[in-house]
Amino acid sequence: MPLVLSLIIFFASDTIYAGYGNVFGMGPVSVSMGTTSLRKGKVSVFHAHQNPAMLGYARDSEISVGLVNMDPHLKGFGTVVVDESGTVGVFDSSGVLGGRGQSVGILLPLGNKSRPLAIGINLYLSSNSLSRVSGPPINHPFYPLYQDVSRNTSYTVSLGYRIWQGLSLGFIGTTSLVSLADYQLTSNDSVSFSASAIEVRTIFRPGFALVYNADYDGCGCGCGCGGRSDPYGWLFGLMYKPKSELNTKLTADVNVSAVPFSGELNSSPQFSPAELTFSASKRVSPSLVLAADVLYVEWSAYKNPFGDGNINSFIFGSGREATGFKDRVVPKIGGEYSWQTRRAAFKQWAIRSGYFYSKSPVPDQTLDSNFVDSDRHGISFGLGTSISNPWIESPVEPQIGSIAGPKNSWIDFDLFLQLNYLVTRDVTKSSATHIGAPGYKAGGNIWVYGFHTSLNF
């Protein structure tokens, strides 16, 4: 029976966060500014992920394409107990794979230019395939927040519309696609294996967002001016994203020495918790914009991702029991300093920086469970410049009174760098027989960096 179990059990990629943008931010400006949601003075295509209500202020279409790299340097777990029999295994690495992908954004304002219905689409397309070897769902140590996150494709589709004066409403839908996986199986003359297609079901629920520009004065003239506002007024935002999860089902048949076995495994390898974000942004000088977020993450809804199922009449697995994760509050802050030069093309420049602190939701792992995580400090930097539109002869001074931003920006170039520092955490098991005993250390750092090019038209 152990042989049969090892053949039939499907152990999917066990990432908690179903989207790359949920972990490290989406878009070069947000990533550079501590993953904050709003920036006074400019609508971005990546507000589709950060706060889609901002799309209601868009007056120009935008297409953005960029390259994103994730480079993890996390501690390995060393020699630990891997099963109830006391067998030990060596984990020289953390198991978190780096990866590269393309980040794509599309923004299309439709209808009346002074009050459009804007559609925003954000995609993360991984350049790396994922290879996993099937095996039993044993609680080996792993980083659930970062495991394979750079190798799973994800997308966001959003709508934004200004419903009244400075108040805009947005709707967001997010999901994740299954990564390309090659499950390898060792067989011999006495064992044959076949499996049906994997049935994948994504539980999808829409979220909503609001943005209020406290000093907005929309002219309503239909001229496409985007409305004017106090350049030093406040911008407030609220967004709710419900949880989403990915469920998988594998039905398989195994024949061992001419004895047939049939069974199935159900698991939930991916999960994104519900999030509630309060955000604000303010221009404090002609050159300086500040932003801040407070994010509430409902981690307590997360349940064990390891599967349960049956083989013939034998039922195994304990189901989706609670993991004991804790809800967390994540503060974020960011800023952007911009200036102009007299060069013919690159007249507008900006430097950005930000910080966030995410306390780990994972409780002490003293028993058989081995969800690995540490408190995370995020520090980010960015540099941006723009090529002015040669067909617009208006002055290049930024329209700081317009929430939509400078109208003469044509092509934007942005670089970003984010350091995620995971504080060292000691994990000690309460008994030498628990999986993961005697214990291990968690921590290290993850670098995220890349560049983006955006066309405004």
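The values are calculated or read from the model by the stated rules, or taken from the named source; none is laboratory data. Keep in mind that what you see is a predicted model, and the values were worked out from it rather than measured. For neighbour counting, all protein chains shown are included, and Cβ atoms are generated from backbone atoms with ideal geometry for every residue, glycine included.
For segment 119-135, which residues satisfy the criterion of being of a type outside the set (S, T, N, Q), surrounded by 15 or more Cβ atoms within 10 Å (Cβ to Cβ) and modelled with pLDDT under 85?
L130, R132
S64 is checked against (1) surrounded by fewer than 24 Cβ atoms within 10 Å (Cβ to Cβ); (2) of a type outside the set (F, W, Y); (3) under 23 Å from L117 (Cβ atoms); (4) modelled with pLDDT under 95 and fails just one. What number does that condition carry?
Only one criterion is unmet by S64, namely (4).
Out of the residues in segment 335-386 meeting the condition of being modelled with pLDDT under 95 and of a type in the set (D, E), tell me which one is surrounded by the fewest Cβ atoms within 10 Å (Cβ to Cβ).
D364
Taking only segment 293-304 into account, find how many residues are assigned to a strand (DSSP E or B), crowded, with 20+ Cβ neighbours inside 10 Å and in contact (Cβ under 8 Å) with a residue 40 or more places away in the chain. First the steps, then the outcome.
We begin by selecting, within segment 293-304, every residue assigned to a strand (DSSP E or B); these are 293-298, 303.
Next, only the ones that are crowded, with 20+ Cβ neighbours inside 10 Å stay: 293, 295, 297.
Filter once more, keeping what is in contact (Cβ under 8 Å) with a residue 40 or more places away in the chain: 293, 297.
Residues that pass the stated criteria total 2.
Only one of S94, S85, S103 is without any contact (Cβ under 8 Å) to a residue 40 or more places away in the chain and of a type in the set (G, A, S). Can you tell me which?
On inspection, the qualifying residue turns out to be S85.
Select from segment 142-165 the residues that are at pLDDT 85 or above and either touching a strand residue (DSSP E or B) at 6+ places or on another chain (Cβ under 8 Å) or acidic (D, E) (or both) and list them in ascending order.
Y143, Y146, T156, V157, S158, L159, G160, Y161, R162, I163
Give the number of residues within segment 49-68 that are under 13 Å from the mean Cα position of the chain (by Cα) and over 10 Å from H452 (Cβ atoms). Explain how you work it out, then say what you get.
First pass over segment 49-68, keeping only residues under 13 Å from the mean Cα position of the chain (by Cα): 49-50, 68.
Now narrow it down to the ones that are over 10 Å from H452 (Cβ atoms): 49-50.
The total comes to 2.
Step by step: first the residues of segment 104-118, then only those that are within 20 Å of the chain's Cα centre (by Cα) and not small (G, A, S), then the one that is surrounded by the most Cβ atoms within 10 Å (Cβ to Cβ). Which residue is that?
Per the stated criteria, the residue is L107.
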